[in-house]
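What follows is one structure encoded as structure tokens, with my remarks underneath.
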Amino acid sequence: MASAAANRFFIVFKRLHKLPVALADIKANPNTQTIEIENKKAMIIYPNPVVGERLQLLFTAMPEGLYTARLLNSSGQLILNTRLQCSEGDSNVAIPLPKKMAHGTYQLDISGPGNTRSVQKFSY
């Protein structure tokens with residue numbers, strides 16, 4: 001006999017990956033679709049999965065300087081190699097994606113001043 005109760009289903013969320021910063025340091029602004037991260041060094045790809053023809057990067061509390069971004073496909077082939085100028089503090093950088101880039105999973109390897117490095121996977 002099937003149940004007709006309103007609470008017969010429930011959803012369980014499980015985090016598969018660690019977040020780049022502590023949740024306590026993130027403040028969402030309900031009036032806009034922005035996220036503020038306080039005093040934590042981070043390089044974050046958003047949104048993930050990436051939509052459109054640009055990959056958006058949020059640099060928070062990162063040192064000023066020239067960064068190198070290498071985009072690799074799931075086979076490890078280099079798709080894009082570019083340099084990014086980041087100002088001190090918080091920066092928002094857009095990387096134009098190749099026009100005929102196939103949908104799938106990619107890896108972005110970013111290196112910069114002071115041995116700064118971040119490797120992140122994202123979907124397109």
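The values are calculated or read from the model by the stated rules, or taken from the named source; none is laboratory data. Keep in mind the model is a prediction, meaning the values are calculated, not measured. We place every Cβ from the backbone using ideal geometry, glycine too, and count neighbours over all the protein chains shown. Ligands, DNA and RNA are stripped out before the accessible areas are found, and what is left, the full protein with its side chains, is counted by its heavy atoms. Shrake-Rupley method; radii C 1.70, N 1.55, O 1.52, S 1.80 Å.
Entry remark, region 114-123: residues being farther than 14 Å from Ile44 by Cβ and at pLDDT 90 or above number 1 in total.
Candidates in region 48-104 are the residues that are closer than 13 Å to Gln120 by Cα and open to solvent by 60 Å² or more (accessible area, probe 1.4 Å); of these, the one that is modelled with the lowest pLDDT is Asn48.
Identify all residues within region 53-80 that are over 18 Å from Asn115 (Cα atoms) and free of Cβ contacts under 8 Å to residues at least 40 places away in the same chain; write none if there are none.
Filtering region 53-80 for residues over 18 Å from Asn115 (Cα atoms) gives 53-58, 71-80.
If the condition is that a residue be over 18 Å from Asn115 (Cα atoms) and free of Cβ contacts under 8 Å to residues at least 40 places away in the same chain, then Gln56, Leu58, Leu71, Leu72, Asn73, Ser74, Ser75, Gly76, Gln77, Leu78, Ile79, Leu80 are the ones that fit.
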